[in-house]
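Written out below as C-alpha cells is the structure these notes cover.
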Amino acid sequence: MFLPLRLGSIPFPISALIAGLVNAALVWAALHWTSSPRVAALPLWTWLLTVAVMTLAGPGDDVIFGGAGVMEYAALLLIVCGTLPPAAVLRAAVKA
C-alpha cells in the first residue's frame, strides 16, 4: 500500500485520499442506479469490511497495517479518509 509514501521527510497518506475519492465516486454512481440510500451504501460497507479483514494478521503473522511513529495511525487515517467523503455523498442524497 502507499500509506507510507513521503513528500520529503513528511509522510503523505496518498492511499487514504484515493480511497476517499474512489469510495465517494462509487457511492455517487450507486445512487444513480438505485433510489435506496441503503443499497447505495453497499460499496462503502464492502470497503470497510475489506479494510477490517486486512487489519487481521496473516498466516505468517504478516501485518499489513503497521509502522513506527506517525505510521501507527495509518489504518485509522485510511478508515477516516475513506469513510467521510462517501458518507457526505450519502447524507446529501438523503437530505435532497
Discussion item. Looking at the stretch 32-43 only, could you name the residues that are among the small types (Gly, Ala, Ser) and part of a loop (DSSP other than H, G, I, E, B)?
Written reply: Ser35, Ser36, Ala41
Practice prompt. Filter the stretch 23-81 for residues that are at pLDDT 90 or above and of a type in the set (D, E, K, R) and give the result.
Written response: Arg38
Discussion item. I'm trying to understand the selection: among the residues of the stretch 58-80, which are in a helix (DSSP H, G or I) and of a type in the set (D, E, K, R)?
Written reply: Glu72
Fill in: Verdict on Leu56 being surrounded by 11 or more Cβ atoms within 10 Å (Cβ to Cβ), under 21 Å from Thr46 (Cβ atoms) and of a type outside the set (Ser, Thr, Tyr)
no
Worksheet entry | For Val89: the one exception among (1) out of contact with any Leu (no Cβ under 6 Å at 6 or more places or on another chain); (2) crowded, with 17+ Cβ neighbours inside 10 Å; (3) in contact (Cβ under 8 Å) with a residue 40 or more places away in the chain; (4) over 25 Å from Phe12 (Cβ atoms) | (4)
Response to the item:
How many residues of the stretch 4-31 are over 30 Å from Ala93 (Cβ atoms) and either aliphatic (A, V, I, L, M) or assigned to a loop (DSSP other than H, G, I, E, B) (or both)? The answer is 7
Worksheet item: Just for the stretch 50-72: of the residues that are free of Cβ contacts under 8 Å to residues at least 24 places away in the same chain and touching a helix residue (DSSP H, G or I) at 6+ places or on another chain (Cβ under 8 Å), which one is nearest to Pro13 (Cα to Cα)?
Response: Gly66
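Checking the conditions here, which among Thr50, Thr83, Thr46 is part of a helix (DSSP H, G or I), touching a Phe, Trp or Tyr at 6+ places or on another chain (Cβ under 9 Å) and not hydrophobic (A, V, I, L, M, F, W, C)?
Thr83
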Worksheet item: Residues Trp28, Trp47, Trp33: which one is surrounded by 15 or more Cβ atoms within 10 Å (Cβ to Cβ) and free of Cβ contacts under 8 Å to residues at least 60 places away in the same chain?
Response: Trp47
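The values are calculated or read from the model by the stated rules, or taken from the named source; none is laboratory data. The shown structure was predicted, so the numbers you read here are calculated from the model rather than taken from an experiment. Quick reminder, even Gly has a Cβ in these numbers, built from the backbone with ideal geometry, and neighbours come from all protein chains shown.
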